[in-house]
1. Of all residues in the range A:61-75, how many are open to solvent by less than 70 Å² (accessible area, probe 1.4 Å) and either touching a His at 6+ places or on another chain (Cβ under 8 Å) or under 21 Å from B:Thr51 (Cβ atoms) (or both)?
2. Between a residue in the range A:71-96 that is more than 7 Å from every other protein chain (Cβ to nearest Cβ) and farther than 16 Å from B:Gly115 by Cα and any residue that is surrounded by 15 or more Cβ atoms within 10 Å (Cβ to Cβ) and of a type outside the set (A, V, I, L, M, F, W, C), which pairs come within a Cβ distance under 6 Å, given they are 6 or more apart or on different chains?
3. Could you check, for the range B:43-50, whether at least one of its residues is touching a helix residue (DSSP H, G or I) at 6+ places or on another chain (Cβ under 7 Å), within 19 Å of A:Asp109 (Cβ to Cβ), open to solvent by 20 Å² or more (accessible area, probe 1.4 Å) and outside the structural domain of B:Met141 (by TED's automatic domain parsing)?
4. Are any residues in the range B:27-42 farther than 15 Å from B:Gly64 by Cβ and open to solvent by 10 Å² or more (accessible area, probe 1.4 Å), and if so, which ones?
5. Restricting attention to the range B:87-123, which residues are of a type in the set (D, E, K, R) and not in a loop (DSSP other than H, G, I, E, B)?
6. Going through the range A:123-136 one residue at a time, which ones are assigned to a loop (DSSP other than H, G, I, E, B) and touching a helix residue (DSSP H, G or I) at 6+ places or on another chain (Cβ under 9 Å)?
Amino acid sequence: MTRLAIALFAGLLFGAGLAFSGMSDPARVQAFLDLFGSWDPTLAFVMAGAMAPMALAWLLQQRLPKPLACDTFDLPGTTLLDRRLVVGAILFGVGWGIGGLCPGPAVADLAVAPLAAGTFVIAMLIGMGAHRITAK
Amino acid sequence: MTLAAYPHAMPLSGLVGGLLIGLSATIMLLALGRIAGVSGLTARAVGIADTGAPRGVAIAFIIGLPLGAFFVAQAIGGVVAQFPPSASRLAVAGLLVGYGTRLGSGCTSGHGVCGMSRLSRRSIAATAIFMSAGFATVALMRAGGWL
């Protein structure tokens, strides 16, 4: 129960941060990607604000024998660059540009604009499912 | 705080909101030992991914996202969310984001916020690539009169 409450709280903070920072607005995210239009640098400030505490968190993580509320760290490897990573990032970036939406803001926006966000999220889940089927 | 050259920018709100996101990712890392990667947690929550966070943790985090946005909208009197004009554009974007984030093992939160702050080569490369693809896509859309 404790872990679920922690995860719910973390999700809530994340969603609040997205909404407060303007990142829940697809037009604003797209304006960051629009170098030849009326460029909006807000996303860069959000990234800086988010990476600052995380840089400290990674330093702390190296000193912790285990997480505070569970038994082991379960973290991805950091070195392997492969074709899947490159192609996946390209496809994601193209979709991000077309819609101005990545997964976090899309899910958070279900509370703000359910119809439009829901359309995107359903398509996103179909895309995820398509990867699962084809990646065998 | 305003930026004269960019009248639409919200640098201070961006920084504060970013801090909340970073705090969330810190809690996920230090308390639950995981990356706060929304694409992976979403796939896990709906059962598309077989490995990753415990299912309950993923579901709880994903439910928290719209709740957090809802509370902020209540607190500040609404949140602007201007979407692309057509459902078909949303659908194409969603398909690409879903497939691409699974193939590339992450999105703006996992690779961008968590991976880059860890100085992960893999995440720095992924972020540089998806950002470049995003810039190129929007530039092409602008050139084609789609914006």
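1. Final tally of qualifying residues: 6.
2. Cβ pairs passing all conditions: none.
3. yes
4. Within the range B:27-42, B:Leu30, B:Ile35, B:Gly40 meet the criteria.
5. The answer is B:Arg89, B:Arg102, B:Arg121, B:Arg122.
6. The one that is assigned to a loop (DSSP other than H, G, I, E, B) and touching a helix residue (DSSP H, G or I) at 6+ places or on another chain (Cβ under 9 Å): A:Ala135.
A quick yes/no check of all residues on (1) within 18 Å of A:Ala52 (Cα to Cα); (2) of a type outside the set (S, T, N, Q); (3) not in a loop (DSSP other than H, G, I, E, B):
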site	(1), (2), (3)
B:Thr2	no, no, no
B:Leu19	yes, yes, yes
B:Ala25	yes, yes, yes
B:Ser39	no, no, yes
B:Thr42	no, no, yes
B:Ile48	no, yes, no
B:Ala53	no, yes, no
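One line per residue, one yes/no per condition, for (1) surrounded by fewer than 18 Cβ atoms within 10 Å (Cβ to Cβ); (2) under 16 Å from the mean Cα position of the chain (by Cα):
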| site | (1), (2) |
| --- | --- |
| B:Ala53 | no, no |
| B:Val57 | no, no |
| B:Phe61 | no, yes |
| B:Ala69 | no, yes |
| B:Gln74 | yes, no |
| B:Ala81 | no, yes |
| B:Pro84 | no, no |
| B:Ala93 | no, yes |
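The values are calculated or read from the model by the stated rules, or taken from the named source; none is laboratory data. This structure is a prediction, so every number in the text was calculated from the model and none was measured. When we count neighbours, we look across all protein chains shown, and the Cβ atoms used for this are built from the backbone with ideal geometry, even at glycine. The protein model used for the area step is the full one, side chains on, heavy atoms only, and it has no ligands, DNA or RNA in it. Shrake-Rupley method; radii C 1.70, N 1.55, O 1.52, S 1.80 Å.
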